[in-house]
Amino acid sequence: MPKLSYAKALNRALTDEMERDPDVFVLGEDIKFALNNVTTGLLDRFPDRVLETPLSEQGFTNFATGAAMAGKRPVVEYQIPFLLLLVLEQIANQANKFRLMSGGQVKVPVTYLLPGTGWRPGWGAQHSDQPYGVFAHLGVKTVIPATPADAYGLFLSAIRDDDPVVVFCPMPALGLREDVSYVDLAPIPLGVGRVRRSGADVTVLAVGHLVHDAVAVADELAGEVSVEVFDPRSLHPFDWSGLAASVERTGRLVVFDDGNRFCGVGAEVLATAAEEMRLVAPPKRVTRPDGAVVVGCAPELDLAVQPSRAQLVAAIQAVVKS
């Protein structure tokens, strides 16, 4: 089978959907140059549907809202994650509320694509955030694919959804490649998680690229602990029934999340699990620290605030022993 990279999966999904639906178009800064490889080849194939925008994120984000209300399906690409904080009002307070405010008369099918969120060495304080928890908290549909096949399927579903959807693509995942059959690539429903590795002693819920670290740790501990790895794939809607089924099998839970600890996705998952699921031991989370800021000029410090495999091993061992 051919190998599909994560970045190519995004490009393939967008290409396929633009071929299928003439209402789909893409806009953003520098997208004609395909800096993130998502729009590679699209300008030649769809010259009227690849729109280069000025450096005015609030302006073109609102433009996408209006286009969606008029019947189009815009895909907005942002080069770096902090730009979402500039347009939080446009997405969460405007686009995401119009359908309810209109009693369902107006749809706002916009996809907001972040092809490279999170930390990488030297990327800097204002480029290294993972703000997915903010959008999930505010009720905006939020997905974070871990694999190339999921990147294709979730991106496709996001474009076809009648509500705004934010697609976070973690920086460490962009270079991943996997063997796939192109004929098997298909939309993946939002809100449906997946067990990446079966186990019996403890469930590790891992978000985004940390799924691969969780599987590696589970393999490393195989002779000591049987670890099940659950990938939610969507943070809102969240697959609570899928997680509950996993926890029912294991009775223990560790969350592995690249967001900050305080008010993060990890906190919400642990709270819901404690309220609604059968746990035989107190759950734990491995996250960035409270209020973590990556500064860029101090590589050792930046690395120290990233959730690590060693921290996950320690959390798993503590939960199993408790």
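Here are a few things to note about the model shown:
For (1) touching a His at 6+ places or on another chain (Cβ under 6 Å); (2) buried (at least 21 other Cβ atoms within 10 Å of the Cβ); (3) closer than 20 Å to L35 by Cα, each residue gets a yes or a no:
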residue: Q105; (1), (2), (3): no, no, no
residue: G139; (1), (2), (3): no, no, no
residue: P148; (1), (2), (3): no, yes, yes
residue: L154; (1), (2), (3): no, yes, no
residue: A158; (1), (2), (3): no, yes, no
residue: R177; (1), (2), (3): no, no, yes
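- Every condition in (1) in a helix (DSSP H, G or I); (2) modelled with pLDDT of 95 or more; (3) open to solvent by less than 60 Å² (accessible area, probe 1.4 Å) holds for D302 except the one numbered (2).
- Among the candidates A92, A64, A34, A68, residue that is surrounded by 15 or more Cβ atoms within 10 Å (Cβ to Cβ) and under 22 Å from P172 (Cα atoms): A34
- The selection criterion, being open to solvent by less than 10 Å² (accessible area, probe 1.4 Å), among the hydrophobic types (A, V, I, L, M, F, W, C) and modelled with pLDDT of 95 or more, does not hold for L84.
- With respect to the conditions (1) crowded, with 17+ Cβ neighbours inside 10 Å; (2) under 30 Å from D302 (Cα atoms); (3) hydrophobic (A, V, I, L, M, F, W, C), L243 lacks only one, and its number is (2).
- Among the helices (runs of 4 or more DSSP H) confined to region 120-224, the ones with at least 3 residues that are under 27 Å from A318 (Cα atoms) are located at 210-220.
- Residue match in region 9-27 (condition: under 24 Å from the mean Cα position of the chain (by Cα) and on the phi > 0 side of the Ramachandran plot): no
- Yes/no for A216 being over 23 Å from L138 (Cβ atoms) and either at pLDDT 95 or above or under 20 Å from the mean Cα position of the chain (by Cα) (or both): yes
- Here V320 passes the criteria (1) closer than 28 Å to W119 by Cα; (2) in contact (Cβ under 8 Å) with a residue 60 or more places away in the chain; (3) open to solvent by 30 Å² or more (accessible area, probe 1.4 Å) except the one numbered (1).
- Given (1) at pLDDT 95 or above; (2) touching a Pro at 6+ places or on another chain (Cβ under 8 Å), number of the condition A136 does not satisfy: (2)
- Take the conditions (1) out of contact with any strand residue (DSSP E or B) (no Cβ under 6 Å at 6 or more places or on another chain); (2) in contact (Cβ under 8 Å) with a residue 40 or more places away in the chain; V143 misses just one of them, which is (1).
The values are calculated or read from the model by the stated rules, or taken from the named source; none is laboratory data. Note that the structure is predicted; figures quoted are calculated from it, not measured. Here the Cβ is made from the backbone with ideal geometry for all residues, glycine too, and neighbour counts use every protein chain on show. Calculation scope for accessible area: heavy atoms of the full protein, side chains included, ligands and nucleic acids excluded. Shrake-Rupley method; radii C 1.70, N 1.55, O 1.52, S 1.80 Å.
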